[in-house]
């Protein structure tokens, strides 16, 4: 029987991959985005998660088997300029979703995507901490089937605002313009646990099907890489000679590796190497530019 | 120089005591309640904390030196029937207040009153946990002067919905009606750390003046008493023969005693014994009935 999955944040980087992935796997996908989007291969609904009544209607109308909650503010800069808005969207938006499920669709299994950030250095991190904690509390208080997924740094083809994509876009622009300029970059030595977004989406499917409710799952590649290593991979994939201008930035505490043991017990393994992901990102920008 | 203090929840049990206390101590008191209240000896403003713009106006207009934030949902039953509303009022209402202070009145010193509840057994406790944690995070992120106070079980004369007041009201009603009926009561053996509301308000003043910002202070009497002991005190203060009908209720885990060491280092000591508090509660109901 076809399972119905409602995916929030469906116009975003991960959301687009998730809609495509679950459609291909023959789920009935309902993508939810703030604004109406047409011409997708899957059903779309427009809904602002801050509009409680609209969220309630969404679940009353569709009663999905699964919900993958990807929507939210994910910009640190925006969270500094509009901190209240970050908390409202990430926490209260999530709560509207959980309340809709509690009241109208209590058998729906939900994956809420949290953040790998372990520190609370900015309002974004604080909002994600609260989102995760509140989701688990709500699940426990009202016996809802809620799982929290904490992915590491997601990369891959598509409209990502992350640094790995920003680099690719600049490299492809130079290829097209036949003009070489140094690329400004900060944090060359800081380490990140990059994970292909498609590996993350596959993990979300496993969690929706087999994850233990009230649990948190960390999802990561198991490898730390510096941006310097990323730039060297880009160099191996373009004929231009790349030069980088290192911009000063505050030193960061290195993040911890995700503990993906529980994911591996569910037979999940990342499929994309860092080189494959980066090569696909470059191809994506070469096609769209 | 007269210090200006804005007190939210000014129509509530603790709020009324706080307004009276700070007025007597010659602070300029601005009491804030959801609905307009006249005939108070102090200035009152009507403001729903969920109305962000109204909250901003309040702080732009008054720019208080201190803010004592007492407003919020404090009913466990209401938090079960309207969980979203409990989180909205306690968390987002508080955030509106902190945002007003951050933007228009960053030197204001704030005491946010949390809850002694250490478990998250109901939406009320969850909302109070988030309120406290978010207040401290906001203070730290934006360098605001925020202190969290965690009082134990407050009792005292005035419009309290707590069990100690409910008992007094029934006892006084029997005195007036000259009719004796058994009083239903649950949790006779459960222990509570009762503290007089006036002692708590005195502690809040000390915290506003001398408390260390970004800190949490527990405020308690240091004594655990059962409701059975409370009923025996009531018996000693009324001429009627009291009988109690013990109603079954789920057994509770006994709460921990508050750790008031940090308060004592600021020279705070409770002034009211349990017998004094109970005797004043009884007098309060004898006068108003």
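Okay, here's what the table says:
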item: Ranked list, fewest to most other Cβ atoms within 10 Å of each Cβ, for B:66, A:56, B:217; result: A:56, B:66, B:217
item: For the protein assembly as shown: Kirkwood Rh in Å [reciprocal of mean 1/r, alpha carbons]; result: 26.8
item: Choice from A:115, A:75, A:184 showing the highest fluctuation, given a GNM over chain A with Cα pairs closer than 10 Å; result: A:184
item: Pairwise label distance in nanometres, residue B:35 with residue A:176, each label 7 Å out on the Cα-Cβ vector; result: 6.3
item: Cα convex hull volume per residue for chain B (Å³); result: 132
item: Averaged over A:131-142, number of beta-carbon atoms from partner chains that fall within 10 Å; result: 3
item: Highest-first arrangement of A:219-225, A:128-134, where packing means the average Cβ count within 10 Å; result: A:128-134, A:219-225
item: Ranked by how many other beta carbons lie within 10 Å on average, peptides B:231-242, A:273-284 from highest; result: A:273-284, B:231-242
item: Nearest-ten-degree value, helix A:93-104 long axis tilted from longest Cα axis of chain A; result: 30
item: Relative intensity, log₁₀ I(q)/I(0), of the stretch A:1-151 from a Debye sum that treats every alpha carbon as a point, q = 0.09, 0.18 Å⁻¹; result: -0.25, -1.05
item: Cβ-based exposure ranking for A:136, B:257, in which fewest neighbours within 10 Å come first; result: B:257, A:136
item: Residue B:75 versus residue A:42: modelled label distance in nm, points set 7 Å from Cα along the beta carbon direction; result: 4.3
item: With Cα atoms, 0 to 90° folded angle of helix A:163-177 axis to chain A main axis; result: 50
item: Label geometry 7 Å along the beta-carbon vector: residue B:275 inter-copy distances in nm; result: 8.5
item: For residue B:107, label point 7 Å along C-beta direction: distances to other copies, nm; result: 6.2
item: Hydrodynamic radius (Kirkwood) for the stretch A:104-257, which is based on Cα pairs only, to one decimal in Å; result: 17.7
item: Where labels lie 7 Å past Cα in the beta-carbon direction, separation of residue A:214 and residue B:241 in nm; result: 4.9
item: Order of B:261, B:60, B:4 under a 10 Å beta carbon neighbour criterion, fewest first; result: B:261, B:60, B:4
item: Peptide B:90-102 - average C-beta neighbours from other chains (10 Å radius); result: 2
item: C-alpha long axis of helix A:13-24 to longest principal axis of chain A, angle in °; result: 60
item: Gaussian network model of chain A, Cα within-10 Å springs - most flexible of A:226, A:113, A:216; result: A:226
item: Most mobile of A:254, A:83, A:64 in a GNM of chain A (Cα contacts under 10 Å); result: A:254
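Every number in this text was worked out from the coordinates using simple rules, so none of it is lab data. The structure presented is a predicted model; accordingly, all values stated were derived computationally and were not measured. All Cβ positions, even for glycine, are placed from backbone atoms using ideal geometry, and neighbour counts span all protein chains on display.
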